[in-house]
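One structure below.
The values are calculated or read from the model by the stated rules, or taken from the named source; none is laboratory data. Everything numeric here is computed off the predicted structure, so don't read it as measured data. Please note: Cβ atoms are built from the backbone with ideal geometry, for glycine as well, and neighbour counts cover all protein chains shown. Just so you know, the surface numbers come from the protein's heavy atoms only, side chains and all, with ligands and any DNA or RNA stripped out. Shrake-Rupley method; radii C 1.70, N 1.55, O 1.52, S 1.80 Å.
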Amino acid sequence: MTKRNEPRDYAAGGGLLNRRVLLGAGMAFSAASATGAAAARLEIPEWSQYPGLPMSEYGQPSPHEGHVKRRVLGLYPEGIGDGAGVSFTPLEELEGTVTPNGLFFERHHSGIPEIDPERHELVVHGMVKQPLVFTVGELLSLPKVSRLAFLECAGNSLFNSLAEPQQRSAGEIHGLIGAAEWTGVLLSDVLDLAGVDPSASWVLAEGADAAKQSRSIPLSKVMGGDAMIALYQNGERLRPEQGYPMRLVLPGWQGSMQTKWLRRVKVTDGPTHTKDETSKYSLLQKDGKAQQFTFEMGVKSVITRPSPGVAPTRPGLYQVSGLAWSGAGRVSRVEVSADGGASWADAMLDGPALPKMLTRFRLPWNWDGAPSVLMSRAVDETGAVQPSRAEWYEPWAPGQLYHQNAIQAWALSVNGEVSNVYV
Ligand SMILES: Nc1nc2c(c(=O)[nH]1)N[C@H]1C(S)=C(S)[C@@H](COP(=O)(O)O)O[C@H]1N2
Ligand SMILES: [Mo]
């Protein structure tokens, strides 16, 4: 007789199984239910007994999925800094790697401007042969490109920079990230039309919101072939909260540089040192010096299942699953530990892993019901390894919160509750 729920192909401690172990190996995943009365289940339910609802002009999620929402967090008391805040992508509720537009995280410094696309213009000026002004229609008529890329706020996971682990969901800790297929015009094409002065080396990008978010970007990134003025996100025009009618997309770089509601690009011979790169987004080191520009997002991963609120209910076979990414390129490897980092097993990557895009990893796991600590560690194609907490803290002054990419540890108690722990 086949013994069920007794896998033998262990890859690491704590019940992590070899990634080749699949359903076909004769083991029942804990989610599966077996019943002898299958035929009785074929009774016709009421929703099959009459015609259903009519078509709709714009589809909505099932009303049964109404709990899947962005978690909104205003950053200041009401009345101060109106419209400034964040909303988190509920990572633990989602699957795959592309973020639905309605759940894509938001970070606004001054709310969402109500832009009339008929009156909005993009000005390209500064060190160029010919300053240019584009209407939205003119930009839409230029040759377009599409590419998949993640977009992560430099402040993502900053709760994990605090001294005590915060008890929040995976999305509330790590959900200032989303990934989409962006379509738009290469920024290099627009600048080529204007003719960049050979002695120029940076640009300034400015948004049309009241905060006038403005950041300096080295020309090498701008002309490097992946910087885009995006007009579409996942096939439809940008949502207002993502920068309608146009935003910058700089794959792999920190979110704050990916200017929404883009109104001008000024070509310069150095950084402009705006308020958004002096008083904010600079990283204080423990030697007292600060890194003013930290463009690229580090290699990182997080297990989304199990995670706080998404817990196994009984011992058995589960699939551990999560997201990995790197601003430097492709994710080449993700390892998972179920014993607090004592041993590690290679996870499967849902392929192909694309550069500067979220990568989904998965690994079968036989939870024996004992307390365990689950962790994931990503490696990218440059060989960069996601740091431990101690390694991450090493260079920084106390209170430095940005670019938090340390390994996340989730502790499972005997009753399957998952909590955030520092290892
Ligand atoms: N004009 C403008 N652009 C902006 C911002 C802003 O407040 N105003 N926020 C920035 C920050 S800090 C981030 S993380 C990303 C967030 O993009 P999203 O809201 O589409 O997720 O937009 C960036 N671009
Ligand atoms: Mo951000």
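If we scan the stretch 192-204, do we find a residue that is surrounded by 18 or more Cβ atoms within 10 Å (Cβ to Cβ) and closer than 26 Å to Ser301 by Cβ?
Scanning the stretch 192-204, I find no residue that is surrounded by 18 or more Cβ atoms within 10 Å (Cβ to Cβ) and closer than 26 Å to Ser301 by Cβ, so the answer is no.
Just give me the residues in the stretch 102-121 being in a loop (DSSP other than H, G, I, E, B) and either basic (Lys, Arg) or under 19 Å from Ser87 (Cα atoms) (or both), in sequence order.
Within the stretch 102-121, Phe104, Phe105, His109, Ser110, Gly111, Ile112, Pro113, Glu114, Arg119 qualify.
Only one of these is more than 26 Å from Glu95 (Cβ to Cβ), among the aliphatic types (A, V, I, L, M) and without any contact (Cβ under 8 Å) to a residue 12 or more places away in the chain: Ala200, Ala211, Ala194, Ala163. Name it. Quick ask: steps written out before the conclusion?
Values: Ala200 fails: without any contact (Cβ under 8 Å) to a residue 12 or more places away in the chain; Ala211 fails: without any contact (Cβ under 8 Å) to a residue 12 or more places away in the chain; Ala194 fails: without any contact (Cβ under 8 Å) to a residue 12 or more places away in the chain.
One residue alone meets the criteria, Ala163.
If Arg215 meets every condition in (1) away from ligand 1 (no atom under 13 Å from the Cβ); (2) over 26 Å from Pro100 (Cβ atoms); (3) buried (at least 20 other Cβ atoms within 10 Å of the Cβ) apart from one, which number is that one?
(1)
Looking only at the stretch 311-320, count every residue that is modelled with pLDDT under 95 and of a type in the set (A, V, I, L, M) and tell me the total.
2
Could you check the stretch 349-394 and list, in sequence order, the residues that are assigned to a strand (DSSP E or B), under 19 Å from the mean Cα position of the chain (by Cα) and not small (Gly, Ala, Ser)?
Going through the stretch 349-394, the residues assigned to a strand (DSSP E or B) turn out to be 349, 359-367, 372-380, 385.
Subsequent filtering for residues that are under 19 Å from the mean Cα position of the chain (by Cα) retains 349, 359-362, 375-380, 385.
Listed by number, the residues that qualify are Leu349, Thr359, Arg360, Phe361, Arg362, Met375, Arg377, Val379, Asp380, Val385.
Of everything in the stretch 249-296, what is closer than 12 Å to Ala205 by Cα, within 13 Å of ligand 2 (Cβ to nearest atom) and of a type in the set (S, T, N, Q)? Give them in sequence order.
Result: Ser256, Gln258, Thr259.
Which members of the stretch 79-137 meet the condition of being open to solvent by less than 50 Å² (accessible area, probe 1.4 Å), under 21 Å from His174 (Cβ atoms) and more than 16 Å from ligand 2 (Cβ to nearest atom)?
Pro90, Leu91, Glu92, Leu94, Gly96, Thr97, Asn101, Gly102, Leu103
Mind counting the residues in the stretch 162-186 that are open to solvent by less than 10 Å² (accessible area, probe 1.4 Å) and more than 15 Å from ligand 1 (Cβ to nearest atom)?
Selection size over the stretch 162-186: 3.
Could you identify the single residue in Arg8, Arg41, Arg4, Arg19 that is in a helix (DSSP H, G or I), modelled with pLDDT under 95 and either open to solvent by 40 Å² or more (accessible area, probe 1.4 Å) or touching a strand residue (DSSP E or B) at 6+ places or on another chain (Cβ under 6 Å) (or both)? Walk me through how you get there before you give the answer.
Numbers: Arg8 fails: in a helix (DSSP H, G or I); Arg4 fails: in a helix (DSSP H, G or I); Arg19 fails: in a helix (DSSP H, G or I).
Checking each option against the conditions leaves just Arg41.
Could you tell me whether any residue of the stretch 376-398 is among the charged types (D, E, K, R), modelled with pLDDT of 95 or more, over 13 Å from Val302 (Cα atoms) and surrounded by 22 or more Cβ atoms within 10 Å (Cβ to Cβ)?
yes
Look through Thr382, Thr359 and report the one residue that is touching a Leu at 6+ places or on another chain (Cβ under 9 Å) and in contact (Cβ under 8 Å) with a residue 24 or more places away in the chain.
Values: Thr382 fails: touching a Leu at 6+ places or on another chain (Cβ under 9 Å).
Sole residue among the options that is touching a Leu at 6+ places or on another chain (Cβ under 9 Å) and in contact (Cβ under 8 Å) with a residue 24 or more places away in the chain: Thr359.
Within the stretch 399-423, work out how many residues are touching a residue at least 24 places away in the same chain (Cβ under 8 Å), open to solvent by 50 Å² or more (accessible area, probe 1.4 Å) and over 15 Å from Pro165 (Cα atoms).
3
Taking the condition touching a residue at least 24 places away in the same chain (Cβ under 8 Å), within 16 Å of ligand 2 (Cβ to nearest atom) and more than 20 Å from Ala205 (Cα to Cα), does Ser146 pass? Walk me through how you get there before you give the answer.
Numbers: touching a residue at least 24 places away in the same chain (Cβ under 8 Å): yes; within 16 Å of ligand 2 (Cβ to nearest atom): no; more than 20 Å from Ala205 (Cα to Cα): yes.
Taking the combined requirement at face value, the residue does not satisfy it.
Residue under question is Lys300, and the condition is that it be in contact (Cβ under 8 Å) with a residue 40 or more places away in the chain, within 16 Å of ligand 2 (Cβ to nearest atom) and farther than 30 Å from Leu191 by Cβ; does it hold? Working first, answer last.
Working: in contact (Cβ under 8 Å) with a residue 40 or more places away in the chain: yes; within 16 Å of ligand 2 (Cβ to nearest atom): yes; farther than 30 Å from Leu191 by Cβ: yes.
Spelling it out, Lys300 is indeed in contact (Cβ under 8 Å) with a residue 40 or more places away in the chain, within 16 Å of ligand 2 (Cβ to nearest atom) and farther than 30 Å from Leu191 by Cβ.
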